[in-house]
Amino acid sequence: MYRNRTNRHRSSRLWKKCTNLRTLKQIQALVTINGFNSDSSALRELIYSGSVVIPGAINYAHKMFVKITEPDTFMYNTIIRGSAQSQNPLDAVFLYTQMEKCSIKPNKFTFSFVLKACTRLLYRNMGFCVHGKVVKYGFEFNRFVRNSLIYFHANCGDLNTASVLFDGDAKMDVVAWSSLTAGYARRGELSIARSLFDEMPVRDLVSWNVMITGYAKKGEMEKANELFNEVPKRDVVSWNAMISGYVLCGMNKQALEMFEEMRSVGERPDDVTMLSLLTACADLGDLEVGKKVHCTLLDMTSGVTKVLHGNALIDMYAKCGSIERAIEVFLGMRDRDVSTWSTLIGGLAFHGFAEESIAMFREMQRLKVRPTEITFVGVLVACSHAGKVEEGKKYFKLMKDEYNIEPNIRHYGCMVDLLGRAGLLDEAFEFIDNMDIEPNAIIWRTLLGACRVHGDVELGRLANKRLLNMRKDESGDYVLLSNIYASQGEWNRVEKVRKLMDDSEIKKQPGCSQIEADDKAFLQYLFNLKPKPNSGNLDT
C-alpha cells in the first residue's frame, strides 16, 4: 500500500516478485486488460517498480507514466526520484515543471528528489527557483529538504547559503555535515572540507569517502591513503576512490595492486572499479592483465557486455596492440553508442587498418549513427595513413557542412599530417596559414617532420622559425631541422643548429624503449646506458 503523505512503499507479495523488466511488462499487460487507469494502486506499483526497483527500467516507466490520465503526487515523486538517479536527470526537472503546470501540490519528497537532479546537472538557477518554492510551501525547516538544499548549494549553488542553512539543528545531523563537507571537497576547497571533517561530532562512511575522493581527485594520494587506512569500515566506494585516484595520477601499477588487495578482503568490485582497471591496463599497455580484467568483468555480468564496459574494453585492447580482440568485443556487443563506433574507428586507424576504419565509418553512416568530433579524428588519421588525400578533404568538409562540427586543433593537425605525408608541403603550409584557429606547436612540428621526410629545406626552415617563436626548449625541434640540413649535405647549417642548442643549453633526451621481463616492465635506455645512482635502472 502507498501513502501519499509519506511516499513510503509497502509491496504486496505479487509486486515483490516483480524484479525484472519482463515481469513488469507482463503485469502491465494484465493491468491494461482490466482497464489501465481504473486501479490507481496498481499504477503506483507499476511506476515504483519501473522507476526504483528494476535497474535500467526507467525509460519503460516513462512510457507507462504518460498513459496515466491523472497521476497523483506519489506517482510524480516516484518517477522524479527514478529520473534524478538515472543517466538523464534532466527528465526529473521536466517532470517537476509538468507537475507544477498540472497544479499538483509537491511535498517534501518532491523537493528532495528534484534538488538532487539540479545538483547532478549543476543547474544553479533552477536550484535557486526550487529553493524559492521550498520556502513558499513551508518546507525549509524539514530535515530532509534542508539537507538536500545544503547539498545543492554546497555543490553548485551558493556556499554562503549552504553555511547559513547549516546552523542550529543541522549541526546535530550527520547528513548535513556530510553534505557541506562534500560540497567544499567537490569544489576543490579541501582545506575547508578537512576542517569540517575534523570537527564532525560523528563521521559516517559517506563523509570518509567524500574526503578520500576529494584528495584522490586532486592527486594528493598520500593524504587519501592516510584516510583510507584510518576509515573504520570501507565499502566499494572507498576502494574505487583509491583505485581511480591512482589511475588519474598515472600510478597504474598501484591501482592494480589496490584491486588485488580489495579482492583479498572480499570486497566485490562494481562497474566503476572495472572501468578504472581497464583504463589502467590501457595506459600501461598490459595486455595480459587486461585479459584477466576482461574475464573478471564477464563473470560479474554473466557474459553480457554493457555499453560502457564494451567501449572501455575496445579502447584497452586497441591501446594494448590487440585490435583483433577489440573487434571481437565490438561484434559481441548487443547495444552500441557513438563512442563504441568512434573508439573502434580510431583503434583501427592507429593500427594501420585504414581501409577497415573508413569502412566502419561508412557503416556507421548507413545505420544513421551521428558521428562526433572524436569520430572524425579517427577517420582523418585513417585517410592520412592510407594516403587518401582527396577522401580526407571530403570528410573534413563533411564534418563542417553536414554535421556542423567545428574543426578543433586535432582535426587541423590530422589534415596537416595528411598533406605532409603526401608530399603536398606548400599546400600544407597554406592550409595552416588559413586555419580558423591559431596553430599550435604540434601543427608546426608536424609540418617540420614532413619537410624532413621530403627533404624540403626552405619550408622546413620557415616551419622551424614559427615553431621556435612558440617554444625554444624542445630538443626534437632543433634535431629535426638539423636532420633536414644534413640530408641535403648543408653541414654548416647543421653546425649552426647544434651551436644554437648548446648556447641555449638544450639537451637531447636519450631515447628509450619499454620491454617486459619476469612480468615487470623496465625502461632500457638505448643511448645513455649508464644508470644513475639510486635510479633502479638495470645495467645493460
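The values are calculated or read from the model by the stated rules, or taken from the named source; none is laboratory data. Treat the numbers as computed from the prediction; the structure is a model and nothing was measured. Backbone-built Cβ (ideal geometry, glycine too); neighbour counts: all protein chains shown. Only protein heavy atoms, including side chains, enter the accessible area calculation; ligands, DNA and RNA are left aside. Shrake-Rupley method; radii C 1.70, N 1.55, O 1.52, S 1.80 Å.
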Exercise. Quick check, is PHE94 open to solvent by 50 Å² or more (accessible area, probe 1.4 Å) and at pLDDT 95 or above?
Worked result: yes
In the range 206-224, residues that are open to solvent by less than 50 Å² (accessible area, probe 1.4 Å) and assigned to a helix (DSSP H, G or I) total 12
Residues in the range 271-297 that are out of contact with any Ser or Thr (no Cβ under 8 Å at 6 or more places or on another chain) and either among the polar types (S, T, N, Q) or surrounded by fewer than 17 Cβ atoms within 10 Å (Cβ to Cβ) (or both) total 10
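So which residues in the range 237-270 are of a type outside the set (S, T, N, Q) and surrounded by fewer than 16 Cβ atoms within 10 Å (Cβ to Cβ), if there are any at all?
GLY250, LYS253, GLU257, GLU260, GLU261, ARG263, VAL265, GLY266, ARG268, ASP270
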Note on the range 322-337: residues open to solvent by less than 40 Å² (accessible area, probe 1.4 Å) and among the β-branched types (Val, Ile, Thr) are ILE323, VAL329
Flagged pairs (Cβ under 7 angstrom, 6 or more apart or on separate chains; first in the range 377-405, under 12 Å from PHE361 (Cβ atoms); second of a type in the set (Phe, Trp, Tyr)) are VAL379/PHE361; VAL379/TYR395; LEU380/TYR395; LEU380/PHE396; VAL381/PHE350; CYS383/TYR395; TYR395/PHE376; MET399/PHE376
From the option list ASP456, ASP426, ASP417, ASP433, single residue qualifying as of a type in the set (Asp, Glu), out of contact with any strand residue (DSSP E or B) (no Cβ under 6 Å at 6 or more places or on another chain), open to solvent by 30 Å² or more (accessible area, probe 1.4 Å) and closer than 30 Å to MET316 by Cβ is ASP417
Quiz item: Does GLU222 fit the bill of being modelled with pLDDT of 95 or more and among the acidic types (Asp, Glu)?
Solution: yes
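Of all residues being in a helix (DSSP H, G or I), among the basic types (Lys, Arg) and out of contact with any helix residue (DSSP H, G or I) (no Cβ under 9 Å at 6 or more places or on another chain) in the range 349-393, which is surrounded by the most Cβ atoms within 10 Å (Cβ to Cβ)? Just the residue, please.
ARG362
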- Has the range 48-62 got at least one residue that is open to solvent by less than 30 Å² (accessible area, probe 1.4 Å) and over 29 Å from LEU308 (Cβ atoms)? no
- Message: Could you go through the range 27-37 and let me know if any residue there is touching a Ser or Thr at 6+ places or on another chain (Cβ under 6 Å), under 30 Å from LEU122 (Cβ atoms) and among the polar types (S, T, N, Q).
- Response: no
Among LYS105, LYS171, the single one that is out of contact with any Lys or Arg (no Cβ under 8 Å at 6 or more places or on another chain) and not in a helix (DSSP H, G or I) is LYS105
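Would you please name the residue that is farthest from TYR184 (Cα to Cα), looking only at residues in the range 126-168 that are outside any helix (DSSP H, G or I) and of a type outside the set (Phe, Trp, Tyr)?
GLY138
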**OP:** Test THR110 against the criterion of being in a helix (DSSP H, G or I), open to solvent by less than 20 Å² (accessible area, probe 1.4 Å), modelled with pLDDT of 95 or more and polar (S, T, N, Q), and give yes or no.
**Re:** yes
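Residues checked against (1) under 20 Å from the mean Cα position of the chain (by Cα); (2) over 22 Å from SER178 (Cβ atoms); (3) touching a residue at least 40 places away in the same chain (Cβ under 8 Å):
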site	(1), (2), (3)
ARG203	no, no, no
GLY214	yes, no, no
ASN240	yes, no, no
LYS306	yes, yes, no
